[in-house]
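A short write-up of the structure that comes next.
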Amino acid sequence: MYTWIWRHLPGGLPGKLAGSLLLVLAVSALLLFVVFPWLEPMLPLNEVTVR
Amino acid sequence: MTDPGIRRPRHARPVRRAGLARTAVRGLGQTLITLGVIVLLFVGYEIWVTDQINEGRQSELTQDLRQRWDTGDDPLGAPDRPDGSAAELPLGEGFAFIRIPRFGPDYVRVILEGTDEDKLTEGPGHYPDSALPGEVGNFAMAGHRVGKGSPFLNLDQLGPGDAIIIETRDTWFVYRMLRNEARADPDGVVGQQIVDPGAVEVVEPVPGQPEATPTRSLLTLTTCHPKFSAAQRLIVHAELDGAPLPKSDYPDGPPALTGG
């Protein structure tokens with residue numbers, strides 16, 4: 001998968017590096033601000049009350 | 001470069017099969033590494049990112065509450081209902097500050113009404129049916145241990161006699177953690193205990209005795225135990241120490257705030 005992405009990124013080495021960085025940042029942001037906040041309440045990690 | 005067709009004219013099929021296997025193994029490896037990185041990112045999210053989000057939310061709540069106090073709109077000051085019972089606090093509303101000098105001079109958090117996850121994400125939450133600050137009974141709160149501002153991260157490091165200070169609009173309430181011997185307490189309540197998640201009796205007006213009528217002003221903090229786990233709960237009990245102190249007499253906080 002990564003090989004395929006690397007091959008399809010345009011702009012020679014500098015363009016590929018910049019594109020990779022951009023992709024990593026975009027995926028991280030998606031995980032941190034959308035996926036994890038949605039996922040977290042479903043995990044039994046943070047129960048602090050007695051009930 | 002050499003033409004592969006010329007280099008290996010007779011082994012085309014085996015080579016291709018090896019190539020397929022290699023692709024499969026590589027794909028599996030990449031997938032596993034990717035999952036590992038995602039898990040690491042999630043741990044970082046739990047520990048740091050939620051703390052950052054919580055810090056912003058707590059400073060908003062702090063501003064809101066101070067402003068409401070200044071304008072005479074104290075959430076705790078709502079008039080009693082027609083039948084004479086005290087008005088309930090609206091869920092999610094910040095109504096007091098908690099300070100624990102043992103956790104450092106800067107440790108202060110807004111306490112919100114309610115113990116649902118969306119409240120606890122913002123700060124320590126008050127069990128709605130439990131007493132209010134200074135009242136006879138048990139003023140009980142839950143708070144996160146790791147992440148979401150980690151208000152109760154070091155609850156296990158509190159010792160008997162340590163101060164837990166509650167600030168309302170006009171008053172300081174100084175609670176002190178109880179001793180750890182049940183025999184030393186008239187109701188058999190200990191300073192710190194570790195219980196099962198279903199041990200609701202710890203937030204009863206008299207902890208551990210659901211039927212008893214309270215005569216003392218206690219405070220209870222609950223959080224998860226061990227850290228990062230939901231297996232058990234860490235509980236700290238404290239008792240109001242002396243009379244409530246008017247803020248007009250102690251504008252910079254009670255002596256207990258600076259180790260008195």
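No value in this document is a laboratory result; all are computed from the given coordinates. Keep in mind that what you see is a predicted model, and the values were worked out from it rather than measured. Neighbour counts run over all protein chains shown; Cβ positions are idealised from the backbone, glycine included.
For chain B, the longest principal axis of the Cα atoms and the long axis of helix B:12-44 meet at an angle of about 10 degrees. Per-residue shielding of A:17-23, expressed as the average number of other chain Cβ atoms within 10 Å of the residue Cβ, stands at 0. Compute the FRET efficiency between B:E181 and A:L45 as 1/(1 + (r/R0)^6), taking r as their Cβ-Cβ distance and R0 = 30 Å, and round to the nearest 0.05. After rounding, the FRET efficiency stands at 0.35. Shape verdict for the range B:137-260, please, from the Cα gyration tensor: rounded (a/c under 1.5), prolate (a/b greater than b/c) or oblate. Judged from the Cα gyration tensor, the range B:137-260 comes out oblate (a/c at least 1.5, b/c at or above a/b). Exposure proxy ranking for A:M1, B:M177, B:M141, based on other Cβ atoms within 10 angstrom of each Cβ and starting from the fewest, stands as A:M1, B:M177, B:M141.
Using the Karplus relation 6.51 cos²θ - 1.76 cosθ + 1.60 with θ = phi - 60°, the per-residue 3J(HN,Hα) values for the range B:142-158 come to 10, x, 6, 8, 10, x, 6, x, 6, x, 10, 3, 9, 4, 5, 8, 5 Hz, with x marking Gly and Pro. About the centre of its Cα atoms, chain B shows a dipole size close to 2960 debye [charges on the beta carbon of Lys, Arg (+1) and Asp, Glu (-1) only; nearest 20 debye]. Partner shielding of B:228-236 amounts to 2, given as the average count of beta-carbon atoms from other chains within 10 Å of each residue beta-carbon. The phi torsions of the range B:100-114, fed into the Karplus equation with coefficients 6.51, -1.76 and 1.60 and a -60° offset, translate into couplings of 10, x, 4, 8, x, x, 8, 6, 8, 9, 7, 8, 9, 7, x Hz, rounded to whole numbers, with Gly and Pro shown as x.
Taking the longest Cα principal axis of chain B as reference, the axis of helix B:50-70 is set at about 20 degrees.
Only DSSP H runs of four or more residues enter the estimate; each adds -39500 (n - 2.57), and after division by the residues of chain A the mean residue ellipticity at 222 nm equals -17500 deg cm²/dmol.
Each other residue within a Cβ distance under 10 Å of B:R68 adds +1 if Lys or Arg and -1 if Asp or Glu, for a net charge of -3.
Work out the FRET efficiency for B:A212 and B:Q232 from their Cβ-Cβ distance, taking R0 = 25 Å, and round it to the nearest 0.05.
The pair B:A212/B:Q232 has a calculated efficiency of 0.55.
Close amide H pairs (under 5 Å, H built 1.01 Å from N) link B:C224 with B:R145, B:L234, residues at least 5 positions away or on another chain. Put in line by how crowded their Cβ is, counting other Cβ atoms within 10 Å and starting with the fewest, A:W6, B:W69 read A:W6, B:W69. About its Cα centre, the range B:35-188 has a charge dipole of approximately 540 debye under the convention of +1 per Lys or Arg Cβ and -1 per Asp or Glu Cβ, with nothing else charged. Mean projected area of the Cα convex hull of chain A, taken over all directions, amounts to 4.9 nm².
Relative contact order for chain B: 16 percent, from Cα pairs under 8 Å spaced at least 6 residues apart, divided by residue count.
Averaged over the residues of A:26-32, the number of partner chain Cβ atoms lying within 10 Å of the residue Cβ comes to 3. Per residue, chain B reaches -8000 deg cm²/dmol at 222 nm when only DSSP H runs of four or more residues are counted, each adding -39500 (n - 2.57).
Mind telling me which of B:S248, B:S150, B:S130 comes out most flexible in a GNM of chain B, alpha-carbon contacts under 10 Å? Result: B:S248 has the largest fluctuation of those listed.
Taking N as the residue count of chain B, its C-alpha radius of gyration divided by 2.2 N^0.38 Å amounts to 1.47. Ordering B:T31, B:W69, B:G134 by Cα displacement along the dipole of chain B toward the positive end leaves B:T31 in first place; charges were set at the Cβ atoms of Lys, Arg (+1) and Asp, Glu (-1).
Report, as a whole number in µm² per second, the diffusion coefficient that Stokes-Einstein gives for the protein assembly as shown at 37 °C and 0.692 mPa s using the Kirkwood radius over alpha carbon pairs. Answer, rounded: 144 µm²/s.
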